[in-house]
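A short worksheet on the structure shown next.
Please treat every number below as a calculation from the coordinates, not as lab data. Just so we're clear, the structure is a prediction, and the values are computed from it rather than from any experiment. Quick reminder, even Gly has a Cβ in these numbers, built from the backbone with ideal geometry, and neighbours come from all protein chains shown.
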Amino acid sequence: MEKPLIAPSILSADFSRLGEEVRAVESAGADWIHVDVMDGHFVPNLTIGPPVISAIRKYSTLPFDVHLMIARPERYVEDFVAAGADWLVVHVEASVHVHRVIQQIRKAGARPGVAVNPGTPISAIEPLLDDVDMVLVMSVNPGFGGQSFIPSVVRKIEVLRKWIKERGREVLIEVDGGVNEKTIPVLANYDVDVYVAGTAVFAGGDYAGNISRLRKAAAG
Ligand code: DX5
Ligand code: ZN
C-alpha cells in the first residue's frame with residue numbers, strides 16, 4: 001500500500017449496518033479500517049468490544065487498526081487480537097506499564113502502537129520508539145467523532161518525525177481527530193503515514209469521492 005494511508009474511522013458509520021459499512025469503505029478505496037473502542041472510563045463514551053470486531057472482521061480483508069481508548073488495556077489484549085485486530089494501539093496514559101503492554105501485543109500476534117492525547121507531552125512516548133511500530137498522535141481529545149482539529153499538535157508531530165528519522169527504524173505516524181481536506185495539507189509537511197478520518201469519510205454518503213478528496217489533499 002502506498003503511503004499516506006487513509007483509515008476510515010467506523011465510529012461515524014451507521015452502526016445498524018456495520019458490516020456493510022466496512023465493506024463499502026473498502027470498495028471506496030480505504031487502506032485500513034480504524035476501529036474506536038471506548039470504555040466510559042478512559043473516555044466519556046462507550047462503543048464496541050471484541051465480539052463486534054469479530055463479527056465485522058469477515059466483511060473486509062483490509063488491516064484492522066484497533067484504537068483502544070480504555071483503561072488498563074492489558075486486560076484485553078489477547079481478546080482483541082483473537083477478534084481480528086492487526087494493529088492494536090494503546091494510550092500511553094492508560095497503563096502504568098505501557099512498555100510491558102507493547103510487548104504483550106507483539107507476543108499476541110499484532111503490531112503494537114501507542115497513542116498520545118493532546119494534553120500529554122510527546123516526550124512521554126520517546127522511550128517507546130524502539131518497541132512500537134506506530135505512534136498515534138491524537139489531534140482531538142478522544143471520545144467523540146466530529147470535533148475540531150487542535151493545531152498545536154503539529155509541533156508534536158514535527159518533533160516525533162525528527163526522532164524517528166534519527167533512529168532509522170520504521171515507525172508509522174498516524175493522526176486521528178478532525179482530519180479533513182483542510183487540515184491534511186498542514187500535516188502533510190511532516191510525512192504523516194496514516195490519516196484517520198471519520199466524519200470526512202462518512203459525511204454525505206459518497207465514500208469514494210470523500211476518500212479520493214482526502215488523498216488529493218495529502219498529495220498536495
Ligand atoms: C476520537 C476517535 C476518532 C474519531 C475521529 O476519539 O479516536 O477515531 O472517530 O473522528 P473525526 O474524523 O470525525 O474527528
Ligand atoms: Zn481513533
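Sorted fewest first by neighbouring Cβ atoms within 10 angstrom, Phe42, Phe144, Phe15 come out as Phe15, Phe144, Phe42. Sorting Met38, Met1, Met69 from the fewest to the most surrounding beta carbons within 10 angstrom yields Met1, Met38, Met69.
Can you grab the distance from the C-alpha centre of region 36-52 to the C-alpha centre of region 122-162, Å, no decimals? Computed from Cα coordinates, the inter-centre distance equals 20 Å.
Remark: region 45-106 carries a charge dipole of roughly 80 debye about the Cα centre, counting +1 on each Lys and Arg Cβ and -1 on each Asp and Glu Cβ. Altogether, the Stokes-Einstein calculation at 20 °C and 1.002 mPa s, with the Kirkwood radius of region 1-67 over Cα pairs as Rh, returns a diffusion coefficient of 174 µm²/s.
Its DSSP H runs of at least 4 residues, each contributing -39,500 (n - 2.57), put the calculated 222 nm mean residue ellipticity of the chain at -9500 deg cm²/dmol, to the nearest 500.
Shown in residue order for region 66-81 are the 3J(HN,Hα) couplings computed by the Karplus curve 6.51 cos²θ - 1.76 cosθ + 1.60 at θ = phi - 60°: 9, 9, 8, 9, 9, 6, 6, x, 4, 6, 10, 3, 5, 5, 6, 5 Hz (x for Gly and Pro).
The equivalent ellipsoid that matches the C-alpha gyration tensor of the chain spans semi-axes of 23, 22, 16 angstrom, in descending order.
Residues Tyr76, Tyr207, Tyr195 in ascending order of nearby Cβ atoms (within 10 Å, fewest first): Tyr76, Tyr207, Tyr195.
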